[in-house]
Amino acid sequence: EEEEEEKVVEKPKPAAKEKEKKKDKKEDKKGKAVQEEAPTEKPLPPLTPEEQKVLKDVLKKSVFQGVVVGLVKSLEKHPKANDLYILKVTDGGFTEAQVVTNNKLVEVGHKVAFAPVGSEVADEELGVGTTTIKPVKLKGVNSAGMLCSGKLLGLNDDGDKVLTFPPTCPVGTDAGEAFIRLIKPEVLSEAREKAEAARIKAEEAAAAKKAQKEANAAKKAEEDAKKAAEGGGEAEGKGKKGKKGKEEAKPKQATGKIAALQEMQRKLREEEARIAQMEEERKAAEAEAERLMKEQEAEEEEKRRLKKEKKKEREDQLRKEGKLLSKKQKAEQAKNEAYRKQLEAQGIVPPKKDKEAAADGGDESSGDEEGGAGAGQAKRMSKNEIKQREKERKDRLKALAEERERKKKEEEAARAEAERRAKELEGVADNWEDDSDAEGDGGKEEEEESDEEDLGSGSEYDSDGNQLSKTARRKRLEMRRAEARRLKKMEKNLAAKSRDNLRCPIICVLGHVDTGKTKILDKIRRTNVQDGEAGGITQQIGASYFPEWAITEKTLAVKNLHGVEYNVPGLLIIDTPGHESFTNLRTRGSSLCDLAVLVVDIMHGLEPQTIESIGLLKKRKAPFVIALNKIDRLYGWVSKPELPVQQALEMQEQNVKDEFKQRYDFAVSQLAEQGLNACVFYENKDVRSFINMVPTSAISGDGMMDLLFLLTTLPSRMLVDKIMYHENLECTVLEVKAIEGLGTTMDVVVVNGRLTEKDTIVVCGLDGPITTQIRSLLTPQPMKEMRVKTPYLHHNEIKGAIGVKICANGIERALAGSNLYVLGEDDNEEELREEVMKDLGGILKKVRKNEDGVYVQASTLGSLEALLQFLEQPGEDRDGRKNDPIPVSGIGIGPVSKHDVMRCGVMLEREREWIKMCEKEHAATGDWISGNPLNSIKEAYACILAFDVPVLPDAEKLAKEIGIVIYTAEIIYHLFDKFMSRVAEIKAKKKEEARKKAVYPCVFKIVDERCIFNKKDPYILGVDVLEGALKLGTPVVIPNVDWTGDAKTQEGAGELLEFGQVMSIEKDKKPIDTATRLTGNIAIRIEQRRNMREYTLGRHWSHESMFLSRINRESIDLLKEHFRDDLPKDDWKLIVKLKKCLNVL
């Protein structure tokens, strides 16, 4: 039985062994398959620079980045979905990515086009641009990547199948390169052949050109040699007569060549002599011209001197007669005269009678004489004359009515004419007859010279009365002429505007912080800029371009509902910060906008920054629409982003409709308080009287299409004249920022005109005007944010309106908010530099620097302006008290460098020198003349406030060595809190030091005669505190006057007994630190310092003497600075009494 059991047990063993062998064989086969696959990979041969260039040109049209060849390592079904598969894909690195896909054709070992996290592929939803691959969760399983088809990558038209590669393709190779080199090598070959053909063609053209040039040179040399040898050939022919043979011909031929060379040398010498003579004649002519010019200048100088003398004589004569007018009076007179002429032309006033014209004779003069004979009698008119006068009057009134519409333009023309006349009257006296008589024949020359001076700017003399040089006057004249040419060109461009050529309207988004401004744009763009902002608060101005086709695609439903066509090429939307610290950026954004979007939180209504934004829009008279955001927070709201918001509201429950109605009416009433009428856009029948409101949700997407629809249709209905495109460059700098890989860049908004690469631009800077050349023009992808670093599009030329990033040299100190000019062929650089600096006016006023203050560093000028404004007005603390402004000693832009730390270190060194000086003064005089260091917090200013910028390592090291603290933050409030905590720490330290030196006010007396326990040093007394607080260490004195306790009647002490210092206080045999009037009887010990005089009881003091704390000016200042809140009001009154008694100033 045991043997049978053993046999039974042993029987299944071969089967198990066979299974194990089969598994081992399968594993061996898999391992062999993997081993067989691995050696099959062959690295692609390296490309030559020419081939790399060709490959780059071929892949230029592709719309992906970061997609590589990946190897499928494993495949298994999704546990929760039958049509999904979980793959393990490697791109040749150390890790494997888990990818969830629905493609059933992928197998283990396939090499596929793999897009890992962070790569970019074409946006299938929009049909344009790219989208970034992000990790997602599908049916509970994480997916970190994507398998791509050839159509998605733009490499072929197969959109249903994953793009696969041959087994020989190396893993990790760029998908585009692998596709072209392994799957479609003929494309690369054709491109290479085309490039080679073009190169060969260019080389053949260059060789042909070179051969032609050499042939021409050889032909010319042959002709020159032939001409030179003609004389020698004739002599050689004559010598060959009769008996002379070939031996005699050879020497004669050599003689002919020598003669030809000699002839050429002779001609060369003659040419050199002729050139030298011409040079001498030129120099002589130049000397003669210079002499004549000097003589002419001397004559002109003499004429100017004589003219100045004559002018002075005339002015003296006119001054005596009282007829000399000032420059202001002449300008006013010219303006009045020109304005009167305009009114005469319109028939409003009768023509001015001229005395000289009346004396010329003719019909009018004879009529006047006849009238004169009548001695004041009125001339009778016939009926025809009366009818004629009446008809003229009616015609005049009719013409006046027709001209009223153009009255404003005519008045402006009159003012311009008046200014021109005023310039013509500068430096010219009023008595024209005297001038012409005095000048005689020289009047014409002086008049021409006067005209030349009038064309220049200002007088020919400077403010000190010194005469300007001719070069300076010519330079000033050229600047005036350049300005006139520029203005004339601008007028011509404005006249060429057309309603058929419209630019993109500029839309500005304004509102309170956290109302969802950036989130709305993120929802439209399908980006996530708001989450990338520090604290979710927008810190800088951003611009996004929305093309017309994308707007049409997103608003198709509402567009079909209203049946409206778009007439604008797109939208340029500017997002401004809503935080109260960024008022300057909101002001800059609203000054650019054609139409604004005011975002209002439907749950909170109007908030402080919302009201401020309304004020900005009213000030600039800018039309705007209101986005009533966050309707998704209405209780029970069901999102319908695919429908127009009007239909979505109708489909909501009744309680949601009631809540919306209630909050909508509240917002309308708040807007009415601000003087604005508003209603929802689909009920608005009068867009010029009522502001459109659009219910929106930036989270769910409700109302987004309605908002875009309204922003696109309103400009073509209300702002056609404003958005007509013209060629005058209107370009405003938004931000200046250093970007890694690009250097310092400028974000600008081009409203009108063009910018071209290599243009020379002039922009306003902190240190003066900046003239530089545009290195490159970059724009983000359509519907992408300018602030976010994405693959930029490069342009050779940009046409407004659009947001552009300009890369150029030397723009680090360019001012945000200033205008940008392009230096054209006819423009004067100095004139443009002078014009652009006019923008500096109000901006530099914000940059007020002090000798003692913090050093401020920011990433952009806009952020720097906001930080400076916040430091100047930091608001209130938690108790409602206003914070003191923080002074600024220096500013900087960009990363904190070693140079910035050294500049801040000057402040610290200045503080140390000041402390040493104060201590020397106190040691010499006993008073703090220049101030007490314990009362100063200048030490806190030895720091750098770095807003949204990194700190370089060498700067951080130097800061630790010299004691400079660097605070960094991405939100202004955090930076301010860090600095205030530093100030609080330093104040606490100073307070502890001041506590040792501060003397509190106190008045006490001995209880009675029995309470004098020790009459000599140390004095031990029993006392009662009458006023104030007695503390340990208080110095005590006895005045020689009576203590009245009233500041009005208290007399000053003539002598003070320096009694000593309180070293111990006891109450009921227990030591205490402080005693007041409420403490009762106490025992104290008073010790005298070394070298102090000892006073005798009964002779110098008694039990009735009053003891006072020895306060001085230093102790009072310390109490005010550090213990103001610790002292009650009665103690401050006691200090006033003690000051009078102790004669403290």
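The table that follows gives values for the structure above.
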read-out: Cross-link table 987/1031; 559/618; 77/137; 1067/1137, entries beyond 18 Å C-alpha to C-alpha; value: 987/1031; 559/618; 1067/1137
read-out: Segments 545-555, 290-300 sorted - mean Cβ within 10 Å per residue, highest first; value: 545-555, 290-300
read-out: Phi-based couplings in Hz for region 78-89 (Karplus 6.51, -1.76, 1.60; Gly and Pro marked x); value: 6, x, 10, 9, 6, 9, 10, 10, 10, 10, 10, 10
read-out: Difference of contour (0.36 nm per residue) and Cα-Cα distance, residue 673 to residue 75; value: 208.7 nm
read-out: For residue 84, residues with placed amide H under 5 Å, excluding near neighbours; value: 78
read-out: FRET efficiency, residue 921 to residue 604 (Cβ-Cβ, R0 56 Å, nearest 0.05); value: 0.45
read-out: Among 84-91, 915-922, the order from most to least packed when residues are scored by Cβ within 10 Å on average; value: 84-91, 915-922
read-out: Built amide H within the under 5 Å cut-off of residue 626, gap 5+; value: 598, 692, 693, 694
read-out: Across 134/758; 53/161; 996/1140; 799/838; 475/758, pairs whose alpha-carbon gap is larger than 32 Å; value: 134/758
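No value in this document is a laboratory result; all are computed from the given coordinates. Given the structure is predicted, the values throughout are model-derived calculations rather than measurements. In this analysis, Cβ positions are derived from the backbone assuming ideal geometry, glycine residues included, and neighbour counts consider all displayed protein chains.
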